[in-house]
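S.K.: Here you go, one structure.
The values are calculated or read from the model by the stated rules, or taken from the named source; none is laboratory data. Quantities reported herein were computed from a predicted structural model and do not represent experimental measurements. Counting neighbours? That spans all protein chains shown, and the Cβs are built from the backbone with ideal geometry, glycine included. Just the protein is used for accessible areas: all its heavy atoms, side chains included, with ligands, DNA and RNA removed. Shrake-Rupley method; radii C 1.70, N 1.55, O 1.52, S 1.80 Å.
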Amino acid sequence: AEAYEVIRDRNPFPSACGRICHHPCETECNRHEIDQPVAVNNLKRFSADWVWNKRAAGEEVAPPPKGEIDPNKGRVAVIGGGPAGLTAARDLALKGYPVTLFEAHEKLGGTMLLGVPNYRRPEEMLERDIADVVASGFEVQTGKALGRDFTIAGLRDEGYQAVFLGIGCTSPAPLIRSTDGSPMQGTDLDGVLLGLDFLRDVKLGRAPKLHGKVVIIGGGNVAIDVAMTARREGAQTVEIVCLESREEMPAHEWEIADAVDEGISINPSWGPNKIVETNGRAAGVRLQRCESVFDQQGRFAPKFADEVDAIDADFVIIAIGQRSDFSFLEDNDPLWNASKRFVQADPVTLQTNLDWVFAGGDMVSGPASVVEAVAHGHEAAESIDRFLRGTDLDGVLLGLD
């Protein structure tokens, strides 16, 4: 129970992360210099399961901490119910701040809920973690989307003195031509799906039933999740096609190994040229050999050879990345960075160009992991606390006091 409490203090999602985390702490663990790293991930999972089994048996084990909310403290709005937003809301509530968390979907969890397949993490495990987080004492309003149901300026008018933006990267990246940036031919055909949308629709019970052969375009962890889920949704054959060589694939090695064990084919160093059509529906993918993905400066600049190939498909699922939805920002919004491509936030304090607005998680870092989003949630809560108390924002984060 004490181990669980120590873990939960820094990571509010021990049940979920004990199952899905890529455990970078184990990679860096000094114990490997003697024999092997401490099994941090499995220890989290075991301690969380032990606590929840005790609770299920009626024992009061490791109750969640609750904040003593002080109505005289400044009100804080947290936008986004993923790991960054939930962590920030919890920390601030435990510090006594009146916090309201706004989430666009009807359930909390963000991509940690809607983008992670149940075969990797049973949904009830995440729900248990979230229940402990919400017990800290903040208000939750679900079904409330920024830009549709409220605005940042409107929150200011309502009396909120600080805002944390943690909306994540929830929009799938489209497949475009490398030559001119236009949509690739065939991406609008029936039978062509987007990876994140597919995973979300499976969770919500509204995904199309798959059959025959499914081709996944992409080489990252989302592509692997999509491929494994496609098998479970009825696909007889699943093949992954990606620009990267087998050694360069960004997916974790153990994820790739799991996919291969399930009979999923990996076809590296090929890029889609177009999606082939038959009677208005996707029937396959025309491929071109990829010689290199990045230039000498490390920038994405795929170089293709003349070699071409084609594969048949009943469905094509595009899983090449994701990005944030910034449609809530006007062209002249001060939250934009100079290039108007993303929200500008200080890398240490997470403070934006509006001093009372802070931003973190995937919308700042780009698609990352749950633990990295949790870290941003902790940092944002600390900065907001210091901002509302009128003290220096950098000192505590830099270890100066």
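S.K.: If we only count helices (runs of 4 or more DSSP H) wholly inside region 139-247, which ones have 2 or more residues that are of a type in the set (Gly, Ala, Ser), in contact (Cβ under 8 Å) with a residue 12 or more places away in the chain and closer than 28 Å to Asn279 by Cβ? Write out each step before concluding.
M.R.: Numbers: elements: 152-157, 195-203, 221-232.
Here the list reads 221-232.
S.K.: What are the pairs, 6+ residues apart or on separate chains, where a residue within region 284-304 that is closer than 26 Å to Lys213 by Cα and at pLDDT 95 or above has its Cβ under 6 Å from a residue that is open to solvent by less than 100 Å² (accessible area, probe 1.4 Å) and acidic (Asp, Glu)?
M.R.: Leu287/Asp309; Arg289/Glu307
S.K.: Are any of the residues in region 339-362 within 23 Å of Gly81 (Cβ to Cβ) and acidic (Asp, Glu)? First the steps, then the outcome.
M.R.: Residues of region 339-362 within 23 Å of Gly81 (Cβ to Cβ): 342-343, 345, 349-352, 354, 356-362.
Subset that is acidic (Asp, Glu): 362.
Checked against the condition, which is being within 23 Å of Gly81 (Cβ to Cβ) and acidic (Asp, Glu), region 339-362 yields at least one hit.
S.K.: Taking the conditions exactly as written (of a type outside the set (S, T, N, Q), open to solvent by less than 30 Å² (accessible area, probe 1.4 Å), over 20 Å from Gly168 (Cβ atoms) and under 22 Å from the mean Cα position of the chain (by Cα)), does Asp91 satisfy them or not?
M.R.: Details: of a type outside the set (S, T, N, Q): yes; open to solvent by less than 30 Å² (accessible area, probe 1.4 Å): yes; over 20 Å from Gly168 (Cβ atoms): no; under 22 Å from the mean Cα position of the chain (by Cα): yes.
Here the answer is no, as Asp91 does not meet what is asked.
S.K.: Let me ask something else about it. Every residue in region 248-290 that is within 20 Å of Phe304 (Cα to Cα), open to solvent by 50 Å² or more (accessible area, probe 1.4 Å) and not in a strand (DSSP E or B), please.
M.R.: The answer is Glu248, Pro250.
S.K.: Follow-up. Could you grab the pairs with beta carbons closer than 6 Å, sequence gap of 6+ or different chains, first residue in region 31-53 and under 19 Å from Arg10 (Cβ atoms), second one surrounded by 14 or more Cβ atoms within 10 Å (Cβ to Cβ) and among the aromatic types (Phe, Trp, Tyr)?
M.R.: Ser47/Tyr4; Val51/Tyr4
S.K.: Filter region 363-394 down to residues that are hydroxyl-bearing (Ser, Thr, Tyr) and either closer than 25 Å to Gly109 by Cβ or part of a helix (DSSP H, G or I) (or both) and give me whichever is modelled with the highest pLDDT. Walk me through it before giving the result.
M.R.: First pass over region 363-394, keeping only residues hydroxyl-bearing (Ser, Thr, Tyr): 365, 369, 383, 391.
When the remaining residues are screened for being either closer than 25 Å to Gly109 by Cβ or part of a helix (DSSP H, G or I) (or both), the result is 365, 369, 383.
Details: Ser365: 87, Ser369: 91, Ser383: 97.
Step by step, filter region 363-394, then rank; the result is Ser383.
S.K.: How many residues are surrounded by fewer than 16 Cβ atoms within 10 Å (Cβ to Cβ), among the small types (Gly, Ala, Ser) and touching a strand residue (DSSP E or B) at 6+ places or on another chain (Cβ under 8 Å) if we restrict to region 229-244?
M.R.: Qualifying residue count, region 229-244: 0.
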